[in-house]
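Trainee: Structure in structure tokens, see below.
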Amino acid sequence: MDITKDVIWGLAVPLLSAAGLRWLLAILADRFFLANHSTGTDTSEASSTKQVFAWETCLPLALGAGVGYFVLNLGPWMPKANYEWITAGVGLAILVSTIVGFFGQHWAVRFIVLPIAYAATIVATGYFLMPTWDDLWPDYWTYLVCWCVGCFILSVKLDHSKELDTWPFAVVLLGSSLATAGIVFRSGSMRFAQITVLSFAVVLGLTLIGFVMRRPLLRGLGLPMVVFLAGMLLIAQTNSFSNVPFLSYWLPLAGILLSLIAERLISVTRFPKLHAISVVLAAAIPSTVAVVMAVVETMPE
């Protein structure tokens, strides 16, 4: 294994690719929005308004992860085995989020179109990712239903929340990506861990550009990130012969859900610092416990 190659192509290039494309899309989005909403008599208001669509983050995610996946030769583009459908699943999630994002925040989109589109995407992804082995535990239908319901709840809550716009939740997704990669690595597959690390690199690049350009950081990434992380955890768990506890595979996603609950419990306007700390810790604690459990249980005797 060439460590230098892995660092460059697995971290630096996906990060820079995602950051560069987001920077370009942000400039184009601002110019298009201002050109179509400026009245010509009061440009100050139009200039201070920025319309952020989901494709500004989703397309860079596709580019960054795709570049890393291709140059590191992490798997085929035409899937044959169950786990090889992860690229198609993430790609479908990106496409759906991009299209739904164009329809804006109308109540019919938020509460009818988005849930139906997300549910269909998750069911299709879960169906192709889930192996049908006789000794699968939990059994096929229990596992598939629980995975789909969990992903649906988490992705919808993420994209209904404004937390994806903020730096504390960027920290949450970065930490959850690293924790997921660590657990996947301890499950026994370096290749699966490398695929998972791509999510960390891309999210970091998107976050940095969001900060520099003073934009909502990760808006629109709820469904793609849930499919990415939950898909890799499913793949690692069902293809592993390690002693990683079953609970370790799902605590990082539970941590993201706990962060969404924490942000509702503590007012961001009255207690901004406490709010940020609570959001980060709500995810950090379960993820840390999951990684520690995985490491302890897989240590040589």
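Trainee: What area, in nm² and to one decimal, does the C-alpha convex hull of the stretch 42-194 cast on average over all directions?
Mentor: In nm², the orientation-averaged hull projection of the stretch 42-194 is 11.5.
Trainee: Same structure, new question: In degrees from 0 to 90, rounded to the nearest 10, what is the angle of the helix 13-37 Cα long axis to the longest principal axis of the chain?
Mentor: Once rounded, the angle reads 30 degrees.
Trainee: What's the Kirkwood radius of the chain in Å, using all Cα pairs? Walk me through the numbers on the way to the answer.
Mentor: On the way: mean 1/r = 0.0507 Å⁻¹.
For the chain, inverting the mean 1/r across all distinct Cα pairs yields 19.7 Å.
Trainee: For the stretch 109-150, state the average projected area of the convex hull of the C-alpha atoms over all orientations, rounded to one decimal in nm².
Mentor: 2.9
Trainee: Calculate the length of the line joining the C-alpha centroid of the stretch 144-205 to that of the stretch 76-140, in whole Å.
Mentor: Cα centroid to Cα centroid, the span is 15 Å.
Trainee: For the stretch 53-62, just list the computed ³J(HN,Hα) in residue order, Karplus coefficients 6.51, -1.76 and 1.60, θ = phi - 60°, integers in Hz, with x standing in for Gly and Pro.
Mentor: Working through the residues one at a time gives 9, 4, 5, 5, 10, 5, 5, x, 4, 4 Hz.
Trainee: Once you keep just the Cα pairs under 8 angstrom separated by 6 or more residues, what percentage relative contact order results for the stretch 173-293?
Mentor: Values: 142 pairs, mean separation 38.1, N = 121.
Relative CO of the stretch 173-293 lands at 32 percent.
Trainee: Got the relative contact order for the chain handy, in percent, Cα pairs under 8 Å and 6 or more residues apart? Display every interim value, and only then the final one.
Mentor: Working: 439 pairs, mean separation 67.6, N = 301.
Across the chain, relative contact order equals 22 percent.
Trainee: Starting from the Cα coordinates of the stretch 137-263, work out the convex hull volume and express it per residue in Å³. Can you show the working numbers first?
Mentor: Details: hull volume 11.2 nm³, N = 127.
Value for the stretch 137-263: 88 Å³ per residue.
Trainee: Here's something else I'd like to know. With only Lys, Arg, Asp and Glu charged, each at its Cβ (+1 for the first two, -1 for the last two), find how big the charge dipole of the stretch 58-188 is about the Cα centre; round to the nearest 20 debye. Please list the in-between numbers first.
Mentor: On the way: 5 positive and 7 negative charges, 54 e Å.
With only Lys, Arg, Asp and Glu charged at Cβ, the dipole is about 260 debye.
Trainee: Still on this structure, I have one more. With everything on Cα atoms, drop me the angle between helix 86-102 and the longest principal axis of the chain, reported from 0 to 90° to the nearest 10.
Mentor: 20
Trainee: At 222 nm, what helix-only mean residue ellipticity would the chain give, in deg cm²/dmol to the nearest 500, using -39500 (n - 2.57) for each DSSP H run of four or more? Working shown, then result.
Mentor: Numbers: 12 runs with 208 residues, N = 301.
Calculated at 222 nm, the ellipticity per residue is -23000 deg cm²/dmol.
Trainee: Related question: Calculate what fraction, in whole %, of the accessible area of the chain sits on carbon and sulfur atoms when a 1.4 Å probe is rolled over the protein chains. Spell out each step's value before the answer.
Mentor: Numbers: 10280 of 14740 Å².
C and S fraction of accessible area: 70 percent.
Trainee: Roll a 1.4 Å probe over the protein chains and send me the accessible area per residue for the chain in Å². Could you put the intermediate results ahead of the total?
Mentor: Numbers: 14740 Å² over 301 residues.
Ligands and nucleic acids excluded, the figure is 49 Å² per residue.
Trainee: Relative to the longest principal axis of the C-alpha atoms of the chain, give the angle of the C-alpha long axis of helix 251-265, reported between 0 and 90° and rounded to the nearest 10°.
Mentor: Once rounded, the angle reads 40 degrees.
The values are calculated or read from the model by the stated rules, or taken from the named source; none is laboratory data. Quick caveat: nothing in here was measured; it's all calculated off a predicted structure. Virtual Cβ from ideal backbone geometry, glycine too; neighbours counted across all protein chains shown. SASA here: full protein model, heavy atoms, side chains in, ligands and nucleic acids out. Shrake-Rupley method; radii C 1.70, N 1.55, O 1.52, S 1.80 Å.
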